[in-house]
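Below you'll find the structure, written out as structure tokens, and then a few comments.
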Amino acid sequence: MTVQVSKSVTAIDRINLDAPIFDPGAFRLNDEQAGIITTARELGQTVFAGRAAAYDRDARFPTENYRDLHRAGLLGIAIPKKHGGLGADYQTYAIAAAEIGRYCGATALTWNMHVCSTLWSGPLADDLDMDATTRAEHERRRAVHYKRIVEAGAIYSQPFSEGGAAAAGGVAFGTEAKPVKGGWIVNGKKIFASLSGHADYYGVLCTEIAEGEKASRRNTLYLALPAKSDGVSVVGDWDPLGMRGTVSRTLLFKDVFVAEDAALMPRGVYFQAAMRWPHMFLTLSPTYVGLAQAAYDFTVRYLRGEVPGTPPVKRRMYPTKQIALAQMQIKLEQIKTIWFQAVTEARANPAKEQVLRAYAAQYSVMEGANEIATLAIRTCGGQAMLKSLPLERIYRDSRCGSLMLPWTAELCLDRIGREALYETGESDD
Ligand SMILES: Cc1cc2nc3c(=O)[nH]c(=O)nc-3n(C[C@H](O)[C@H](O)[C@H](O)COP(=O)(O)OP(=O)(O)OC[C@H]3O[C@@H](n4cnc5c(N)ncnc54)[C@H](O)[C@@H]3O)c2cc1C
């Protein structure tokens, strides 16, 4: 695995690098973790930050960033070392993703969909129950996916959402996989499918359902459907408020044949993961930790008169600015602390307290990032929200976090309230 990026990164020597969001010494990260996270931060700051405005303006997928992520080894960040990846654990990935999100929200969010394809089929699946034969078969299959990513830079996405209750975990996915000789025939529709038209494989969540059977969440399959398969189409336009570079259009599947080897998890394992490894759904949050940090960083620089491209006017001497900045710093530290603890606790069968903390962390990050960005705009003022500066993009991108299923801000509140008041199996009926 070569860890190098495109030539433009030579600019790194001339740039004053930002301090890490999580200082390795203060947060007790080891050298290997710190190395991977530093690679992400430097790539984000020196390369992705400069491209972010154009992807946002044109609602264009960050293809160039993906080439750089591949060159840096970061497409395989969570792929085990024996398969040629960097072998990062959940916590390392999450912090690296926050660093990417600090410089380009759309790249971090789409990279999350890609990385989860490897994190869930990798370290997460290793934590779950499988008999020896199933595990050996899974090992053989995932090696095929990992080779494509490490060697050829293949990009994977994760279309779950269908516009009904399935993505929130309420009912079985409406996208169906009918078993046939050598694989499945898939039919269905996914909305908000980030990386549509740009991923090489769509990691589709669907329900395996034989003729006459009733759909059940237990029969969820997780299949890497080749994007170029017959019967796959990308439809609809994409002109949203924020996260515009994610290109989250609609995917249609019409009688698409998917071979057995496409399975990213064996039968029953996705359902087991959703029940036993809840932090799998916290992985959308790192992007927004990065956006919260970015809004704060911008405000400090702006008030000091140090934002490139703006006049060197200082505004830091006003007490109201100082108080607002203090409020932002307190909010940022609250977000960082609960989130760091939650990502450190990711594992199979977490305690109830840890699950509640994961929901609380997701809520704090998704709502908090936008609160910080809102304060940043109010504090920096009119000139700071012009499209020539990144703050207004950070503000719009940060608004999207609490809409992400299955852990939207509303659903986190729902779950915390219910699960804190009721033990498993309890009811008032
Ligand atoms: C930028 C962006 C990128 C995205 N990328 C992807 C992607 O790559 N893959 C993917 O699968 N999805 C993706 N999504 C989709 C996202 O996860 C949601 O599915 C989508 O935002 C839901 O929109 P909706 O209007 O259909 O929500 P609805 O299902 O209509 O829900 C609306 C709101 O109601 C609440 N709600 C929903 N269900 C319940 C319930 N059972 N009980 C109580 N309240 C409920 C939630 O708070 C939700 O926000 C993306 C979304 C955005 C904004």
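The values are calculated or read from the model by the stated rules, or taken from the named source; none is laboratory data. Keep in mind that what you see is a predicted model, and the values were worked out from it rather than measured. Cβ: placed from backbone, ideal geometry, glycine included. Neighbour counts: every protein chain shown. Surface accessibility is based on the protein's heavy atoms, side chains included, excluding ligands, DNA and RNA. Shrake-Rupley method; radii C 1.70, N 1.55, O 1.52, S 1.80 Å.
Some points to look at:
- Residue count for segment 108-135 under the criterion of being more than 9 Å from the chain's Cα centre (by Cα) and either open to solvent by less than 10 Å² (accessible area, probe 1.4 Å) or among the basic types (Lys, Arg) (or both): the result is 10.
- Screening Gly197 with (1) open to solvent by 30 Å² or more (accessible area, probe 1.4 Å); (2) more than 8 Å from the ligand (Cβ to nearest atom); (3) more than 26 Å from Ala106 (Cα to Cα) gives one miss only, at (3).
- Being free of Cβ contacts under 8 Å to residues at least 24 places away in the same chain and within 11 Å of the ligand (Cβ to nearest atom) is a property that holds for Arg418.
- Test: residue in segment 22-38 that is among the hydroxyl-bearing types (Ser, Thr, Tyr), at pLDDT 95 or above and more than 29 Å from Asp239 (Cβ to Cβ): yes
- Among the numbered conditions (1) surrounded by 14 or more Cβ atoms within 10 Å (Cβ to Cβ); (2) at pLDDT 95 or above, the only one that Ala326 does not meet is (1).
- Of everything listed in (1) aliphatic (A, V, I, L, M); (2) within 16 Å of the ligand (Cβ to nearest atom); (3) in a helix (DSSP H, G or I), the single unmet condition for Ile372 is (2).
- Flag: Met317 does not match the condition of being modelled with pLDDT of 95 or more, over 20 Å from Arg41 (Cβ atoms) and outside any loop (DSSP other than H, G, I, E, B).
- Test: residue in segment 380-397 that is open to solvent by less than 40 Å² (accessible area, probe 1.4 Å), under 22 Å from Pro240 (Cβ atoms) and part of a loop (DSSP other than H, G, I, E, B): yes
- Of all residues in segment 52-107 being surrounded by fewer than 24 Cβ atoms within 10 Å (Cβ to Cβ), without any contact (Cβ under 8 Å) to a residue 60 or more places away in the chain and not in a helix (DSSP H, G or I), the one that is farthest from the ligand (Cβ to nearest atom): Gly87
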